[in-house]
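Working notes for the structure below.
The values are calculated or read from the model by the stated rules, or taken from the named source; none is laboratory data. All figures in this text were calculated on a predicted structure; none of them were measured in a lab. Using ideal geometry, Cβ is built from the backbone for each residue, glycine included, and neighbour counts are taken over all protein chains shown. Areas reflect the complete protein model, heavy atoms only, side chains present, ligands, DNA and RNA absent. Shrake-Rupley method; radii C 1.70, N 1.55, O 1.52, S 1.80 Å.
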Amino acid sequence: RLRESEPPDRLDYKEYLVLTEDYENELGIEISAYLLLVKRTKEQGISGYFQRPNHAWSAVDNHLTTGLSETQPDIVESYRKTDYPPTAVEALSGDLAPSYNEAMPAYAVEFKSTNGDMKEAKLQCAYDGALMTAGAYAMHIHIGKPDDNFYGRTQAPTVAFNGETLNFYAHHAAQ
């Protein structure tokens, strides 16, 4: 599939690195990168779809969260829970809805400062991705699709970024 836009040239990338080299916290990196990572622009709004920064997934309640703290991605994009049929929301509850009005996140981003721990970001992405994949599986079963149509296929992309290194992770379920 072809890109819808041209990638930044080398000079733009070097300017970005100069801009972010002195950021010593996650918020600085998040602010500088946010517009580069979001899926939509003002011209391409998607009905019922939104971004939310730094919001805990307090409604997730399944076997993956037992004994663990709530995940809180730095950026998440998802559809609004109120846009799903009430029967799906009721049947899937915590698997579908990470928080009050988020449902089935499309992707999540974890930021670190330029000297931040990318191993921690990878671990956070793994947790985010596991929860997103579990929610996707619950939805898959709810709509009556067979298991072989689910396993081994990417269900949850996550991103870890520290201003220099950008890691993409594709999460899926194994049978």
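Considering only residues of segment 153-174 that are within 11 Å of the chain's Cα centre (by Cα) and among the β-branched types (Val, Ile, Thr), which is nearest to Gly28 (Cα to Cα)?
This residue is Val159.
Could you please let me know if Ala130 is at pLDDT 90 or above and either among the charged types (D, E, K, R) or assigned to a helix (DSSP H, G or I) (or both)? If you could, list the steps in order and put the result at the bottom.
On the way: at pLDDT 90 or above: no; either among the charged types (D, E, K, R) or assigned to a helix (DSSP H, G or I) (or both): yes.
Considered against the rule, which asks whether it is at pLDDT 90 or above and either among the charged types (D, E, K, R) or assigned to a helix (DSSP H, G or I) (or both), Ala130 comes out as no.
Kindly provide the set of residues from segment 150-175 that are modelled with pLDDT of 85 or more and among the acidic types (Asp, Glu), ordered by number.
none
Tell me yes or no: at least one residue of segment 53-67 is open to solvent by less than 20 Å² (accessible area, probe 1.4 Å) and hydrophobic (A, V, I, L, M, F, W, C).
So far as segment 53-67 goes, yes, one or more of its residues are open to solvent by less than 20 Å² (accessible area, probe 1.4 Å) and hydrophobic (A, V, I, L, M, F, W, C).
Out of Ala121, Ala138, I need the residue that is open to solvent by less than 40 Å² (accessible area, probe 1.4 Å) and touching a Leu at 6+ places or on another chain (Cβ under 7 Å). Which one?
After applying the criteria, what remains is Ala138.
Just give me the residues in segment 102-127 being under 13 Å from Gly163 (Cα atoms) and part of a strand (DSSP E or B), in sequence order.
Val109, Glu110, Phe111
Ala130 - would you say it is touching a His at 6+ places or on another chain (Cβ under 8 Å) and closer than 26 Å to Thr82 by Cβ?
Criteria met by Ala130.
Give segment 159-175 a look and list any residue that's in contact with a Gly (Cβ under 9 Å, 6 or more places away or on another chain) and either among the charged types (D, E, K, R) or closer than 18 Å to Ile75 by Cβ (or both), or say none.
Of everything in segment 159-175, those that are in contact with a Gly (Cβ under 9 Å, 6 or more places away or on another chain) and either among the charged types (D, E, K, R) or closer than 18 Å to Ile75 by Cβ (or both) turn out to be Asn162, Gly163, Tyr169, Ala170, His171.
I need every pair where a residue in segment 162-175 that is in contact (Cβ under 8 Å) with a residue 12 or more places away in the chain has its Cβ under 8 Å from the Cβ of a residue that is open to solvent by 60 Å² or more (accessible area, probe 1.4 Å) and among the β-branched types (Val, Ile, Thr), sequence separation at least 6 or different chains.
Ala170/Thr154; His171/Thr154; His172/Thr154
Restricting attention to segment 68-87, and to residues there that are farther than 18 Å from Ala130 by Cβ and out of contact with any strand residue (DSSP E or B) (no Cβ under 9 Å at 6 or more places or on another chain), which single residue is least open to solvent (accessible area, probe 1.4 Å)?
Pro85
Identify, please: which residue in segment 142-160 is out of contact with any helix residue (DSSP H, G or I) (no Cβ under 6 Å at 6 or more places or on another chain) and in a strand (DSSP E or B) and is, among those, nearest to Asn115 (Cα to Cα)?
Within segment 142-160, the subset out of contact with any helix residue (DSSP H, G or I) (no Cβ under 6 Å at 6 or more places or on another chain) is 143-149, 151-154, 157, 159.
Still in the list and also in a strand (DSSP E or B): 157, 159.
Numbers: Pro157: 24, Val159: 17 Å.
This residue is Val159.
Of everything in segment 101-114 that's at pLDDT 80 or above and within 19 Å of Leu17 (Cβ to Cβ), which residue is farthest from the chain's Cα centre (by Cα)? Full working, then the answer.
So in segment 101-114, the residues at pLDDT 80 or above come out as 105-113.
Filter once more, keeping what is within 19 Å of Leu17 (Cβ to Cβ): 109, 111-113.
Working: Val109: 5, Phe111: 11, Lys112: 15, Ser113: 18 Å.
Checked segment 101-114; the qualifying residue farthest from the chain's Cα centre (by Cα) is Ser113.
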